[in-house]
């Protein structure tokens, strides 16, 4: 943004409705491309998001350098995120919305992991 390339592509109708949205922090890419693109409609120069393959390759290289002997992908970060939210008490509907799941059943898959992780912490009401 300091170099003058802090605007991102916003779809037509949204850009008309919110003309300054393309400069707002919440619209910026977490992983932008190194190269700068020119919008053919406006001639504006901006950055796009990093390609999936580039992100995957960067994760693979980082895992290799870290000598982690496990399969790590960006999707695993998504699972970890959901699991940590559940462990911290976030309700399942909020997690469903954050992950963009249409069905709550898809989000409920994460609950079995929490049961396994918290198995020792489960107490009977008779133990209180």
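The values are calculated or read from the model by the stated rules, or taken from the named source; none is laboratory data. Predicted, not measured: the structure shown is a model, and the values here were computed from it. For neighbour counting, all protein chains shown are included, and Cβ atoms are generated from backbone atoms with ideal geometry for every residue, glycine included.
Checked against the criteria, residue 79 does not count as in contact (Cβ under 8 Å) with a residue 40 or more places away in the chain and surrounded by 12 or more Cβ atoms within 10 Å (Cβ to Cβ).
Taking the stretch 28-64 as the range and being out of contact with any strand residue (DSSP E or B) (no Cβ under 8 Å at 6 or more places or on another chain), modelled with pLDDT under 85 and surrounded by 13 or more Cβ atoms within 10 Å (Cβ to Cβ) as the test, only 28 passes. Suppose we keep only residues that are closer than 30 Å to residue 59 by Cβ and touching a helix residue (DSSP H, G or I) at 6+ places or on another chain (Cβ under 9 Å) within the stretch 15-27. Which one would you say is surrounded by the fewest Cβ atoms within 10 Å (Cβ to Cβ)? Top of the filtered list is 21. Looking at residue 8, is it assigned to a helix (DSSP H, G or I) and either surrounded by 13 or more Cβ atoms within 10 Å (Cβ to Cβ) or in the same structural domain as residue 111 (by TED's automatic domain parsing) (or both)? No. Within the stretch 101-111, can one find any residue that is surrounded by fewer than 12 Cβ atoms within 10 Å (Cβ to Cβ), at pLDDT 85 or above and under 25 Å from residue 55 (Cα atoms)? No, every residue in the stretch 101-111 fails to be surrounded by fewer than 12 Cβ atoms within 10 Å (Cβ to Cβ), at pLDDT 85 or above and under 25 Å from residue 55 (Cα atoms).
Could you give every pair whose Cβ atoms fall below 6 Å, whose first residue belongs to the stretch 26-44 and is without any contact (Cβ under 8 Å) to a residue 12 or more places away in the chain, and whose second residue is surrounded by 10 or more Cβ atoms within 10 Å (Cβ to Cβ) and outside any loop (DSSP other than H, G, I, E, B), counting only separations of at least 6 or pairs across chains? Here the result reads 38/45, each pair linking the stretch 26-44 to a residue that is surrounded by 10 or more Cβ atoms within 10 Å (Cβ to Cβ) and outside any loop (DSSP other than H, G, I, E, B).
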